[in-house]
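Quick notes on the structure that follows.
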Amino acid sequence: MKLLKSIGKWILFAFIALNVLTLLSGNKFIYKAVYYNLVNIDDCKIFANRNIAKSANPKPWMVSGNTYNKTTFSPSLLNTLTGLKSVAFLVIRNDTILNEAYWEGYSDTSVSNSFSMAKSAVSLLIGAAIKDGYIKSVNQPVADFLPEFKVGAKANITIKHLLQMSSGLDFDEGSSYTNPFSIIVSDILVAYYDDKLYNTVASKLAVEKPGKYFDYKSGDTQLLAFILMKATGKKMSEYFYEKIWNNIGAEQPAFWSLDKEDGYEKAFCCLNSNARDFAKLGKLYMTSGYANGTQVIDTNYIEASKTASSLYNKKDTSKIADFYGYQLWLMNQYKGQNIYYLRGTLGQLVICIPEKNIIIVRLGMKQGARFEEHYSQSYTIIDEVNAMY
């Protein structure tokens, strides 16, 4: 009985503390964050979304009866995929689906959150906007588009600094939005759950010289989205459909979650689609910016995206951040291969192995262990698929 009373007191204390914190800060989003707890791959159901139609000219991947699912998964690969609660796994070589598997009731048309894979989609749009002439170059100042960056140290920040995660802004990624206790201190959860996205990101202060350190911040990506909207005069989802989704031949509609009804796209996290269409974003990188014969993005921009920066890593200033390009993760010379990939917080992956013309997609609910800047499942998936093909 004493134990129950003690537990009850702690619950009451936590409830009162939560309400006091919320009232004092004015951040009603905290209620939403606590109610929904950790982020989920189906979070598009709890947010307002902007619909993105399927392509006017869908381009399905080829499926050959002679090769489709004929190669079985090794125990190591299968244990990794099921152990981390994967919902989709797809291997494509030479535009042909070789392996495809789904779990947890998901299918080839099921929609789920890309999380930070969306950052790579935003980078592709920056490349498209440069090709279209809306943006002069990656060296153009952010101040040309956003008034909050016209004075002070923020005036030195360029688009390239945002692409390379080196803005020097004080956006707090915290312990990420997979930790419910970070809601009090982390800007990332404010950006994820609150309805004042522009103010949350654009109000950040410059605390370091831009272009000095790689320091992963979702706020940098969100600023790229605001630049795109200002430069093109279009909602980001509209421009995404026009330049990317339609041209790559997406077979299914997609949804980009907003901070509120008819609000801003949460560009750093929340493009929702299916495994087969996510793979086509990888193909756009593999084909150097060409989509079904149309050059959507200049080859030079795509190559720069795949090129590691010479910036020092803020986490360990003795090391160069050779694992990141323009909103794209890199594994250069991993067992003799130059691999790059899109990555989301729960282990969402689009992995490109250009030497073999292979694209791998993994969607799921868990990430696994981290080894420096990459995760164990990435190594396992790459190694096992390379062994299979």
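The values are calculated or read from the model by the stated rules, or taken from the named source; none is laboratory data. Just so you know, these numbers come straight off a predicted model, no measurement behind them. Here Cβ is always computed from backbone atoms with ideal geometry, including for glycine, and neighbour counts include all displayed protein chains.
List of remarks:
- Put simply, of Ala33, Ala14 the only residue that is modelled with pLDDT under 50, of a type outside the set (S, T, N, Q), assigned to a helix (DSSP H, G or I) and more than 30 Å from Ala101 (Cβ to Cβ) is Ala14.
- Hey, Ser288 outside any helix (DSSP H, G or I) and over 19 Å from Lys59 (Cβ atoms) or not: no
- Number of residues in the range 350-375 that are in contact (Cβ under 8 Å) with a residue 24 or more places away in the chain, touching a helix residue (DSSP H, G or I) at 6+ places or on another chain (Cβ under 9 Å) and not hydrophobic (A, V, I, L, M, F, W, C): the value is 8.
- Of all residues making up the range 124-146, the number that are polar (S, T, N, Q) and either free of Cβ contacts under 8 Å to residues at least 12 places away in the same chain or out of contact with any Ser or Thr (no Cβ under 6 Å at 6 or more places or on another chain) (or both): 2
- Options Ser176, Ser182: the member that is at pLDDT below 95 and part of a loop (DSSP other than H, G, I, E, B): Ser176
- Filter result for the condition that a residue is within 23 Å of the chain's Cα centre (by Cα), over 30 Å from Met236 (Cβ atoms) and not acidic (Asp, Glu), over Val63, Val111, Val91: Val91
- Unmet requirement for Thr299, which otherwise passes all of (1) more than 23 Å from Ile135 (Cβ to Cβ); (2) modelled with pLDDT of 95 or more; (3) among the β-branched types (Val, Ile, Thr): (1)
- Some residue of the range 317-329 being out of contact with any His (no Cβ under 9 Å at 6 or more places or on another chain) and over 28 Å from His161 (Cβ atoms): no
- Only residues that are free of Cβ contacts under 8 Å to residues at least 40 places away in the same chain and farther than 18 Å from Leu363 by Cα were counted across the range 70-94, and they come to 3.
- Test result for Val91, in contact with an Asp or Glu (Cβ under 8 Å, 6 or more places away or on another chain) and farther than 23 Å from Ile244 by Cα: no
Residues checked against (1) surrounded by fewer than 19 Cβ atoms within 10 Å (Cβ to Cβ); (2) closer than 13 Å to Phe268 by Cα; (3) aromatic (Phe, Trp, Tyr):
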| site | (1), (2), (3) |
| --- | --- |
| Asp187 | no, yes, no |
| Tyr193 | no, yes, yes |
| Lys196 | yes, no, no |
| Val207 | yes, no, no |
| Asp215 | no, no, no |
| Leu224 | no, yes, no |
| Lys230 | yes, no, no |
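- Within the range 247-296, considering residues that are of a type in the set (A, V, I, L, M, F, W, C) and more than 19 Å from the chain's Cα centre (by Cα), the one surrounded by the most Cβ atoms within 10 Å (Cβ to Cβ): Val296
- Tally of residues being surrounded by 13 or more Cβ atoms within 10 Å (Cβ to Cβ), touching a residue at least 40 places away in the same chain (Cβ under 8 Å) and closer than 17 Å to Ile353 by Cα across the range 305-336: 8
- Filter pass, Leu224 being at pLDDT 95 or above, closer than 22 Å to Asn272 by Cα and either in contact with a helix residue (DSSP H, G or I) (Cβ under 9 Å, 6 or more places away or on another chain) or not charged (D, E, K, R) (or both): yes
- Scanning the range 242-292 for residues being of a type in the set (Lys, Arg) and within 17 Å of Val350 (Cβ to Cβ) gives a total of 3.
- Among the residues listed as Tyr216, Tyr192, the single one being under 15 Å from the mean Cα position of the chain (by Cα), in a loop (DSSP other than H, G, I, E, B) and in contact (Cβ under 8 Å) with a residue 12 or more places away in the chain: Tyr216
- Answer from Asn338, Asn386 - the residue that is outside any helix (DSSP H, G or I) and either closer than 22 Å to Thr72 by Cα or in contact with a strand residue (DSSP E or B) (Cβ under 6 Å, 6 or more places away or on another chain) (or both): Asn338
- Which numbered condition Lys366 misses (of (1) farther than 26 Å from Asn94 by Cα; (2) part of a helix (DSSP H, G or I)): (2)
- Failed item, numbered, when Phe371 is tested on (1) surrounded by fewer than 23 Cβ atoms within 10 Å (Cβ to Cβ); (2) at negative phi; (3) modelled with pLDDT of 95 or more: (3)
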